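Heads up: the structure comes next, in structure tokens.
FYI, it's all coordinate maths here, none of it is from the lab. Bear in mind the structure is a predicted one, so any value in this text is a computation, not a measurement. Ideal geometry is used to build each Cβ from the backbone, glycine not excepted, and the neighbour counts take in all protein chains shown.
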Amino acid sequence: MSQSFFVVSGENVELAKDEVIAISKSYDKKTSYKTDSRLVITNSQVPWEKVAERTTFVRRAGKIADSFSDLFSEIDLSLLHKSDTFACRTINLSSKKLDTSSIEKTVGAAIKQISGTKVSLSNPLLTIYLIFTDKENYFGYAKPITEAQRPKKVFKFQSELPWKLCRAMTNLAGLNEQETLCDPFCGTGSILLEAESMGIKSIGIDYDKKMCNGARKNMAANGYNSKIVNAGYEYMQKIENKIDGIVTDLPYGISSKSSDSPKKLIHDFISILPKKKKIALMYKRELADQIELKPAKRYEIYRHKSLTRTILVK
Ligand SMILES: C[S@@+](CC[C@H](N)C(=O)[O-])C[C@H]1O[C@@H](n2cnc3c(N)ncnc32)[C@H](O)[C@@H]1O
């Protein structure tokens, strides 16, 4: 077990913190955690890099070395022996005003003098983080990780879901690489692309042939193998034993070609949703009363005055 830290950005803080926890738990059910402001600290067997490379809203991440009360007396410099260059970075999540650049300079100079290690602000082999919160201060560190390439999208559509929400939903559902996701309203395949980019197998269903062909093109452009089935969402019942989770963006009604009203369609869809699967659904807030699923956690994402989306995770 080791402690890792994740600092999320200011957008959708609750969702962002839950995403970190869900990814970590998808690999290690015994993951425990605490959160404070925009910081999540996990205690888990999962390496921080594995979680960080999947997250959507994490800005900084690494290993926790210790908590500290007196910065200068407590930094453990043994970490630096294997590293050629380092940089010191302050993350102030406390309500106090801190002179972060002077802290970084002073601590950096002290570390340099004691350890003989060189400073590199642009390309450090080790970043030492000094994390301040109102409750506790932490000393963390991280080696650089390479950012994965974004999947290509050659077929787009106006009602497609932004990739960040697709990725976050897939992660909130708690799926991992041993599992298969189904999106029964896959459209251009945005959710499938995110799932496949994280190594999660996926199957898409859409009753619009044009969407299916477009989604297939998107998969092929990235060398992904997701199966795309041209059928109504009811098809998911036929493949129930092959899938572990359902992650989908429900039709809003405006661009849907369905003859059913969005309310009826959603009501019927919910009534056949497999009971024991991992679920993450996106819908327009106005459709909320059609969706009675318990227990479930909901996140509201404001887009503009006539569009607030809800993500439901069960
Ligand atoms: C909100 S869009 C999904 C957009 C998708 N997330 C994307 O990023 O491209 C909903 C999709 O549901 C499909 N759809 C509507 N009614 C359907 C039904 N009864 N069965 C299957 N698909 C349906 C539409 O063709 C549309 O592509």
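Electrostatic tally near Val51: other residues with Cβ closer than 11 Å to its Cβ, Lys and Arg +1, Asp and Glu -1, net -1. Note on the chain: with a GNM built from Cα contacts shorter than 10 Å, the maximum mean-square fluctuation among Leu165, Leu181, Leu98 falls on Leu98. Using the rule -39500 (n - 2.57) for each DSSP H run of four or more residues, divided by the residues of the chain, the 222 nm mean residue ellipticity is -7500 deg cm²/dmol.
Of the GluC sites (Glu not before Pro) found in segment 148-202, the ones in coil according to DSSP and having at most 15 other Cβ atoms within 10 Å of their Cβ are Glu177. With kT/(6 pi eta Rh) evaluated at 20 °C and eta = 1.002 mPa s, and Rh the Kirkwood radius from Cα pairs, segment 173-314 diffuses with a coefficient of 140 µm²/s according to Stokes-Einstein. In loop segments of segment 128-220 as defined by DSSP, the trypsin sites (Lys or Arg not before Pro) with at most 12 further C-beta atoms inside 10 Å of their C-beta are Lys135, Lys152, Lys156. Every Cα-Cα pair in segment 2-142 was counted, and those over 19 Å apart are 51% of them. Mind pulling the angle between the C-alpha long axis of helix 209-221 and the longest principal axis of the chain? Nearest 10 degrees, somewhere in 0 to 90. For helix 209-221, the angle is close to 30 degrees. Shown is the FRET efficiency for Glu240 and Lys209, computed with R0 = 22 Å from the Cβ-Cβ distance and rounded to the nearest 0.05: 0.40. Along its principal axes, the chain has C-alpha extents of 72, 38, 36 angstrom, given from the largest down.
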